[in-house]
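Read the figures in this text as sums done on the coordinates, not as results from a lab. Given the structure is predicted, the values throughout are model-derived calculations rather than measurements. Virtual Cβ from ideal backbone geometry, glycine too; neighbours counted across all protein chains shown.
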Amino acid sequence: MSIRFENVRKAFGSKVVLEDVGFEVGSGECFFIIGASGVGKSVLIKHLIGLLRPDGGSIYLDGEEVSRLTEKEFFSVRKKCAMVFQNSTLFDSMTCAENVALPLRKHKRLGAKAALKEALERLDTVHMREFANAYPPELGDGMQKRVAIARALTLDPRYVLFDEPTTSLDPVSARRVDQMIRELCDEVGVTSIVVSHDLRSIFGIADRICMLYKGHVRMLGTPEDFQTTDDPVVQQFINGRAEGPMEV
Ligand SMILES: Nc1ncnc2c1ncn2[C@@H]1O[C@H](COP(=O)(O)OP(=O)(O)O)[C@@H](O)[C@H]1O
Ligand SMILES: [Mg+2]
């Protein structure tokens, strides 16, 4: 197992978001975290790269307890574990190629020319090379997302965290992003954690799914397990029904 959350607890002031959360993610898995808005999905994955620290419990990455690392020690974790944020967070004043070249210059210490050359190759893998000289605001959300993914992959991370990668995308762009995530797992061997409530993505590409509810893991299983469960809360969520026992 490559990622493990154990009895993780996180509160903000008096508001307990994660009460006791535990699960394991296997190497090369495409692992989904689902649940209603505000349930703590983004909070959960931010713990893996040290953007948040747990109040209790432990988080392991490759057997190393990352929840105990100092800020400085987190640098090496962030090289092997990249995050694609919900909003693409590209720099508007830089071209797509320059955006992708940035981590190559900064972390791989490549010169300007070498970084740009590799950036073009990276853009090619997400089918965005022809937009290398475009500025992000000139592109649609789906294209920006692909550039953001290319940028997240520049340091060849073994783990990639995607926070709602298909939210706000049109259906075709969304499926292209799904396809890219699946290929990363199947062809590159990347382990992915995907936060999503896009049912098409969930049932299209997930190996396993973890549903958060009221600070706990409500259910952990394969897409088939989720489709056949008789848990009324899970059923309501995955069928998108307004009526039911689920409290939000
Ligand atoms: N830095 C923070 N400070 C205070 N509250 C926060 C912070 N980050 C998240 N929260 C709260 O934690 C809860 C879960 O947030 P989040 O993980 O973003 O939900 P989601 O499941 O939609 O991703 C929300 O109620 C949010 O307001
Ligand atoms: Mg979120």
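Helix 112-125 and the longest principal axis of the C-alpha atoms of the chain enclose an angle of approximately 50°.
For region 204-218, backbone phi angles converted through the Karplus equation (6.51, -1.76, 1.60; θ = phi - 60°) give residue-by-residue couplings of x, 10, 5, 7, 9, 10, 10, 9, 8, 7, 6, x, 10, 7, 7 Hz, Gly and Pro being listed as x.
Computed over region 24-181, the P(r) tail beyond 29 angstrom holds 21 percent of alpha carbon pairs. Derived scalar couplings between HN and Hα for region 162-167 equal 10, 9, 6, x, 10, 4 Hz in order, rounded to whole Hz, by the Karplus curve 6.51 cos²θ - 1.76 cosθ + 1.60 (θ = phi - 60°), x for Gly and Pro. Pairs over the 21 Å Cα-Cα cut-off, from the set 15/41; 46/214; 46/72; 15/214; 15/72; 46/108: 15/72; 46/108. Scalar couplings 3J(HN,Hα) for region 39-46, obtained by applying the Karplus form with A = 6.51, B = -1.76, C = 1.60 to θ = phi - 60°, are 6, x, 5, 5, 4, 4, 6, 5 Hz; x denotes Gly and Pro. If you sort the three axes of the alpha carbon gyration tensor as a ≥ b ≥ c, you get a/c of 1.5 or more for region 27-94 and a/b no higher than b/c, which makes it oblate. Between the residues 13, 133, 147, the greatest Cα displacement towards the positive end of the dipole of the chain, with unit charges on the Cβ of Lys, Arg, Asp and Glu, is found for 133. Every Cα-Cα pair in region 114-155 was counted, and those over 12 Å apart are 53% of them.
Relative contact order of the chain: 25 percent, from C-alpha pairs under 8 Å at least 6 residues apart in sequence.
Counting Lys and Arg as +1 and Asp and Glu as -1, each charge on the Cβ, what is the dipole of the chain about the Cα centre in debye, to the nearest 20? Spell out each step's value before the answer.
On the way: 32 positive and 35 negative charges, 203 e Å.
Rounded to the nearest 20 debye, it is 980 debye.
Volume of the convex hull of region 1-46 (Cα atoms only), normalised per residue: 73 Å³. Over all other residues within a Cβ to Cβ distance under 14 Å of residue 142, the charged ones net out to -2, with Lys and Arg as +1 and Asp and Glu as -1.
Set the Förster radius R0 to 35 Å, insert the Cβ-Cβ distance between residue 108 and residue 220 as r into 1/(1 + (r/R0)^6), and round the FRET efficiency to 0.05.
On the way: r = 37 Å, r/R0 = 1.05.
Taking R0 as 35 Å, the efficiency between residue 108 and residue 220 is 0.45.
Which angle from 0 to 90°, rounded to the nearest 10, does the C-alpha axis of helix 141-152 make with the longest principal axis of the chain? Between the helix axis and the principal axis of the chain, the angle is about 80 degrees.
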